[in-house]
Amino acid sequence: MHVCCSFVAVELMRNGVDPSVAAAAAIRRISRVYPSSSAALVALNMTGDYGKFQCTFYVSFIFFIFTYILFIYLCSIYFYFLLTIFIFLSFISYRKREIG
């Protein structure tokens with residue numbers, strides 16, 4: 001709570017700064033107070049722009065942004081998967097009625 005990097009990032013973005021610059025400023029504030037620390041921050045503004053900054057020494061920083069288009073794509077894959085299962089199970093039950 002001593003550094004409040006999320007508060008710094010939000011205040012900078014509220015003043016019109018790009019999210020990647022805001023994340024960098026917040027993480028630099030942490031590294032001034034704790035020089036040997038590892039930290040990472042993802043900043044996201046109201047328009048959907050995002051930025052990240054890290055000061056990790058041994059680990060790479062990977063993050064994932066879930067968008068509406070990706071949601072629709074995953075739902076369509078899930079729908080076709082369920083449809084395939086339904087058709088397969090219907091075929092098996094039809095074959096059992098035909099044989100028996």
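The values are calculated or read from the model by the stated rules, or taken from the named source; none is laboratory data. Since the model is a prediction, treat every value here as computed from it, not as a measurement. Using ideal geometry, Cβ is built from the backbone for each residue, glycine included, and neighbour counts are taken over all protein chains shown.
Values computed for the structure shown
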item	result
The lone exception for Tyr94 - which of (1) part of a helix (DSSP H, G or I); (2) in contact with a Lys or Arg (Cβ under 8 Å, 6 or more places away or on another chain); (3) modelled with pLDDT under 80 it fails	(2)
Any chance Val3 is assigned to a loop (DSSP other than H, G, I, E, B) and of a type in the set (A, V, I, L, M)	yes
Subset of the range 18-50 [among the β-branched types (Val, Ile, Thr), buried (at least 18 other Cβ atoms within 10 Å of the Cβ) and either within 22 Å of Phe66 (Cα to Cα) or within 21 Å of the chain's Cα centre (by Cα) (or both)]	Ile27
One residue from Tyr78, Tyr58, Tyr68 being surrounded by 10 or more Cβ atoms within 10 Å (Cβ to Cβ) and either at pLDDT below 90 or in contact with a Ser or Thr (Cβ under 8 Å, 6 or more places away or on another chain) (or both)	Tyr78
